[in-house]
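Visitor: Handing you this structure, nothing more for now.
The values are calculated or read from the model by the stated rules, or taken from the named source; none is laboratory data. Since this is a predicted model, take the numbers as computed values, not measurements. Every residue, glycine among them, receives a Cβ derived from its backbone with ideal geometry; neighbour counts consider all protein chains shown.
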Amino acid sequence: MRLPDRNHMAIAAVVRYPLRSSMLLVAIAIGVAAVLVLTSLGEGARLYVTSQFNSMGTHLLFVTPGKNEVGGLGGMAGSLGGSPRPFTLGDVRSLKRSPYISSTTPMVMGTANINYQGLERDIGVLGTTHTMKRLFEYEVKSGRFLPELDLDNASPVCVIGDTIARELFGTAEPVGKWVRIGDRRVRVIGWLEQGGQSGGRDLDEAVFVPIAFAMQVYNRESVQRMMVEATSDESLVKAKRDVIGIIKARHFGHEDITVMDQGTILSTFNKIFLVLTSTLAGIAAISLAVAGTLIMNVMLVAVSQRTAEIGLLKALGARRSQIIGLFLTEATLLSSLGAVVGVLVGYASIELLRQLVPLVDFQAPDWAVISAVLMAIASGLLFGIMPARHAADLDPVEALAGR
Amino acid sequence: MIRFENICRDFKVGDETVHALKDVNQHIEAGEYASIMGPSGSGKSTLLNVLGLLDTPNSGHYWLNGRDVSKLPDDDLAATRHEIIGFVFQSFHLIQRMTALENVELPMVLAGIAPAERQDRARQMLCKTGLESRMSHRPDQLSGGQRQRVAIARSIVMEPKVLLADEPTGNLDSQSGKEVLDILEELHADGLTLILVTHDPVIGQRSHLHLRMTDGIIKAERQHLQRQPEDNGDAPS
């Protein structure tokens, strides 16, 4: 039997029973579309996080006190566990010696109460330096960001986020006003543009103050973490080596800091999201397996619908393999069509998601699309085998009689 | 052409064993015109199924075209059917979604013959059965007699040696029944071995070999044996 003839007969059978065929098509399409949509969620989340990190510039090092042997994200929380040796402004300043480091941005974070003419609320305070603005590409609505000061200059000035500005000042201009943070009077020198999330912090709810001022407010001698900007991508490795070397020398030979570059952090995130996306794909694949059993069911119905026809084919001298081939072709054809429809529906749904949530770049990874399609076709073949063999094993006499 | 040696075919129905064919010995010559007659349940369908290799005997030997086919595996049976046997059924067994031409093409599709040749041969066969103008009609657009003629065209398109017809006129009115029978007898006149299962004694009488079945046993009767040589004598060859 020639291949085009076999395909032709399978197509004719698919067209002949439109309800049966379309139901099977829908089942497989749902499975494939589910894989695409769910993996696009995971992948979208990954791309979102990645883009957030990339908005910080590319040649940054993140330095936290405490040695994290495993590396990865744990280092970020190193400050929580109590550092073995404080990370002082002197340490920060000393890093300027390295020719591969163009800027250092120390940070101290905490919460405090802000008060303006009786209006008050709790805020996140971020003590840092003027370089922060460049790293995170903050936009200033009015006034200016923190000025370039000596690290230990606790000048009582602050820059406030958009939400805080609206809540405390309403429509009035906040720049130039004096507010109270904790028990200190501070002058507002800048008002940040609405920025949403940046670097994992809610910018609109934050107040930026000079690092030395924050250390006084929180009564601490050390900084919590630091971002070090290398002079270029190429010098990142050397900058990292210098950071470790200089701090180690200052800490009497103890290498008690963790230095991560964006690549390390990103690859950690990528690993987490890959696991997440694969899990989602796996869950969606279950629906494909369910569709597979439906293929088996529907093909069994197809066999019993066409018992007399199978009997005729046998009487006309069709071999076992030919009958198996016919039904397998039909099952594969249906599952392939279902896969195609599923891919189209999946992409359409993803497009819809992108319209609904423009912030996140939803997209199904290629591996998910390819494996969903292959799995759909394979399940057509696999679950088609049993019904096809059933057809080939029919007794010709009984089959001709339609039994 | 066909020789049965001690053919037995039993069926288990519940606890009972039904002997559909009891130790049947019979031969049918090439080019013969045989009819199988008998009441329902006499085993004539079983006989036809065994003859057509759709069923295999429990014991005994079936020689078809000089070869013992009683113990062949399924695929060899299929191949032998394909080459040697044509079937005509009472209920036509045409595929509804296909045109007359496509139905006739079907055995050649299974044989892997190219479309051009296939259509050519199918057209010839449909012309032979008088359906020149009905080739692109589907079975539901044809009368019973026309459907059976499509089925006959299909049965002979692979040029079989034996044509098995199971009550070919059973579902037809007498006029189209007669037309169908005429075509079958013409094919026999062209040299085909024709074996006909029928209830109708009038049709049965037209054959040269009467096989009457009762309870799995054949009583054979050759008629017109004297006429056949006469016919041959008449025809100058």
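Visitor: Which of the residues belonging to region A:334-353 are touching a Leu at 6+ places or on another chain (Cβ under 9 Å) and either within 14 Å of chain B (Cβ to nearest Cβ) or of a type in the set (Gly, Ala, Ser) (or both)?
Guide: A:335, A:338, A:339, A:342, A:346, A:349
Visitor: Between B:24, B:13, which is at negative phi and surrounded by 22 or more Cβ atoms within 10 Å (Cβ to Cβ)?
Guide: After ruling out the rest, the residue left standing is B:24.
Visitor: Now for a different question. Within region B:99-127, track down each residue that is in contact (Cβ under 8 Å) with a residue 12 or more places away in the chain and either of a type in the set (S, T, N, Q) or within 8 Å of chain A (Cβ to nearest Cβ) (or both).
Guide: Answer for region B:99-127, where residues must be in contact (Cβ under 8 Å) with a residue 12 or more places away in the chain and either of a type in the set (S, T, N, Q) or within 8 Å of chain A (Cβ to nearest Cβ) (or both): B:99, B:103, B:106, B:107, B:110, B:111, B:119.
Visitor: In region B:164-178, which residues are part of a helix (DSSP H, G or I) and either surrounded by fewer than 18 Cβ atoms within 10 Å (Cβ to Cβ) or of a type in the set (Ser, Thr, Tyr) (or both)?
Guide: Passing the criteria: B:174, B:175, B:176, B:178.
Visitor: Sort out which residues of region B:145-202 are small (Gly, Ala, Ser) and in contact with a Pro (Cβ under 9 Å, 6 or more places away or on another chain), and write them in order of number.
Guide: B:151, B:155, B:177
Visitor: Before we move on, is residue B:53 within 14 Å of chain A (Cβ to nearest Cβ), on the phi > 0 side of the Ramachandran plot and crowded, with 21+ Cβ neighbours inside 10 Å?
Guide: So residue B:53 fits the description; yes.
Visitor: Looking only at region A:303-317, count every residue that is touching a residue at least 24 places away in the same chain (Cβ under 8 Å), hydrophobic (A, V, I, L, M, F, W, C) and at the interface with chain B (Cβ under 8 Å from one of its Cβ atoms) and tell me the total.
Guide: The number of residues fulfilling the criteria is 3.
Visitor: Among the residues of region A:3-22, write down those that are more than 13 Å from residue A:323 (Cα to Cα), within 11 Å of chain B (Cβ to nearest Cβ) and basic (Lys, Arg).
Guide: Residue satisfying the conditions is A:16 alone.
Visitor: I want to confirm something. Restricting to region B:75-98 and keeping residues that are under 18 Å from residue B:131 (Cβ atoms) and of a type in the set (Phe, Trp, Tyr), which single residue is nearest to the other protein chains (Cβ to nearest Cβ)?
Guide: B:89
Visitor: State the number of residues belonging to region B:44-66 that are assigned to a helix (DSSP H, G or I) and free of Cβ contacts under 8 Å to residues at least 24 places away in the same chain.
Guide: 1
Visitor: Do any residues in region A:277-299 that are among the polar types (S, T, N, Q) have Cβ atoms under 6 Å from those of residues that are in a helix (DSSP H, G or I), where the two are at least six apart or on different chains, and which pairs are they?
Guide: Matching pairs, first to second residue: A:277/A:39; A:277/A:42; A:277/A:43; A:287/A:31; A:287/A:34.
Visitor: Can you confirm whether residue A:377 is of a type in the set (A, V, I, L, M, F, W, C), surrounded by 16 or more Cβ atoms within 10 Å (Cβ to Cβ) and away from every other protein chain (no Cβ under 14 Å)?
Guide: Yes; evaluated as a whole, the condition is true for this residue.
Visitor: While we're looking at this one, here's another question. If you go through region B:141-152 one residue at a time, do you hit one that is assigned to a helix (DSSP H, G or I) and over 20 Å from residue B:183 (Cα atoms)?
Guide: Looking through region B:141-152, at least one residue is assigned to a helix (DSSP H, G or I) and over 20 Å from residue B:183 (Cα atoms).
Visitor: Picking from A:302, A:372, A:291, which residue would you name as being modelled with pLDDT of 90 or more and assigned by TED's automatic domain parsing to the domain that holds residue A:26?
Guide: None of the other options fit; the residue is A:372.
Visitor: When only residues in region A:146-165 that are touching a strand residue (DSSP E or B) at 6+ places or on another chain (Cβ under 7 Å) and within 13 Å of residue A:206 (Cα to Cα) count, which is surrounded by the fewest Cβ atoms within 10 Å (Cβ to Cβ)?
Guide: Top of the filtered list is A:162.
Visitor: Filter region A:318-333 down to residues that are within 14 Å of chain B (Cβ to nearest Cβ) and of a type outside the set (A, V, I, L, M, F, W, C) and give me whichever is surrounded by the fewest Cβ atoms within 10 Å (Cβ to Cβ).
Guide: Ranking the candidates gives A:321 first.
Visitor: Is it true that some residue in region B:22-34 is within 14 Å of chain A (Cβ to nearest Cβ), out of contact with any His (no Cβ under 9 Å at 6 or more places or on another chain) and not hydroxyl-bearing (Ser, Thr, Tyr)?
Guide: No; the residues of region B:22-34 include none that is within 14 Å of chain A (Cβ to nearest Cβ), out of contact with any His (no Cβ under 9 Å at 6 or more places or on another chain) and not hydroxyl-bearing (Ser, Thr, Tyr).
Visitor: Sticking with this one: Based on this model, can you work out whether residue B:145 counts as of a type outside the set (D, E, K, R) and within 14 Å of chain A (Cβ to nearest Cβ)?
Guide: So residue B:145 does not fit the description; no.
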